[in-house]
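Beneath this line is the structure, given in structure tokens, with notes to follow.
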Amino acid sequence: MSKGMTKVSVMYANGEGKIFDMDYYLNTHMPLVGKLLGDKLKSSSVDKGVGSAAPGSAAPYVCMGVMYFDSVEDFGAAFGPHATEILGDLPNFTNIEPEVQISEVVL
């Protein structure tokens with residue numbers, strides 16, 4: 001990714017009683033998000049949590065989805081009109097309230 005781009009990280013915390021259907025997320029949710037956000041979405045990736053710093057400990061996040069845009073304004077223009085549909089799909093794959101961080105790529 002290029003310096004100055006906007007990075008949107010969507011993180012799903014791990015924990016007791018939390019469910020996350022990775023297959024649905026990868027094969028249904030992310031393609032839906034990509035289609036709805038269109039060409040304002042420059043790139044995306046998905047990380048599956050496998051552990052933490054302490055050997056044998058659980059990952060703090062089950063999954064992290066990352067999306068890149070040219071600007072915060074591009075993200076808002078792409079996401080805003082489709083927020084209801086995108087957020088409405090969450091119960092189809094998780095009971096976790098996602099944490100969202102918007103960042104500027106600096107390196």
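The values are calculated or read from the model by the stated rules, or taken from the named source; none is laboratory data. Source: prediction; values computed, not measured. Don't worry about glycine lacking a Cβ; one is built from the backbone with ideal geometry, like all the others, and counts go over all protein chains shown.
Could you please find all residues in the range 58-75 being over 15 Å from MET11 (Cα atoms) and within 15 Å of the chain's Cα centre (by Cα)?
Matches in the range 58-75: PHE69, PHE75.
Which one of LYS42, LYS35 is at pLDDT 95 or above and in contact with a strand residue (DSSP E or B) (Cβ under 7 Å, 6 or more places away or on another chain)?
Values: LYS35 fails: in contact with a strand residue (DSSP E or B) (Cβ under 7 Å, 6 or more places away or on another chain).
LYS42 is the lone residue from the list that is at pLDDT 95 or above and in contact with a strand residue (DSSP E or B) (Cβ under 7 Å, 6 or more places away or on another chain).
Please find, among LYS18, LYS35, LYS7, the residue that is of a type in the set (Lys, Arg), free of Cβ contacts under 8 Å to residues at least 40 places away in the same chain and either surrounded by 11 or more Cβ atoms within 10 Å (Cβ to Cβ) or not in a strand (DSSP E or B) (or both). So that I can check it myself, show each step before the final result.
Values: LYS18 fails: free of Cβ contacts under 8 Å to residues at least 40 places away in the same chain; LYS7 fails: free of Cβ contacts under 8 Å to residues at least 40 places away in the same chain.
Exactly one of LYS18, LYS35, LYS7 is of a type in the set (Lys, Arg), free of Cβ contacts under 8 Å to residues at least 40 places away in the same chain and either surrounded by 11 or more Cβ atoms within 10 Å (Cβ to Cβ) or not in a strand (DSSP E or B) (or both), namely LYS35.
Just to be sure, is VAL100 within 15 Å of VAL8 (Cα to Cα) and surrounded by 14 or more Cβ atoms within 10 Å (Cβ to Cβ)? It would help to see each step written out before you state the result.
Numbers: within 15 Å of VAL8 (Cα to Cα): yes; surrounded by 14 or more Cβ atoms within 10 Å (Cβ to Cβ): no.
Taking the combined requirement at face value, the residue does not satisfy it.
Take the range 25-56 and flag every residue that is touching an Asp or Glu at 6+ places or on another chain (Cβ under 9 Å) and either of a type in the set (D, E, K, R) or closer than 18 Å to PRO98 by Cα (or both).
Correct list: THR28, HIS29, LEU32, VAL33, LYS40, LYS42.
State the number of residues belonging to the range 75-107 that are of a type in the set (S, T, N, Q), in a helix (DSSP H, G or I) and either in contact (Cβ under 8 Å) with a residue 40 or more places away in the chain or under 26 Å from SER2 (Cβ atoms) (or both).
In the first step, residues of the range 75-107 are kept if they are of a type in the set (S, T, N, Q); the result is 84, 92, 94-95, 101, 103.
From the residues that got through so far, the ones that are in a helix (DSSP H, G or I) too are 84, 92.
With the extra rule that they be either in contact (Cβ under 8 Å) with a residue 40 or more places away in the chain or under 26 Å from SER2 (Cβ atoms) (or both), the set shrinks to 92.
Residues that pass the stated criteria total 1.
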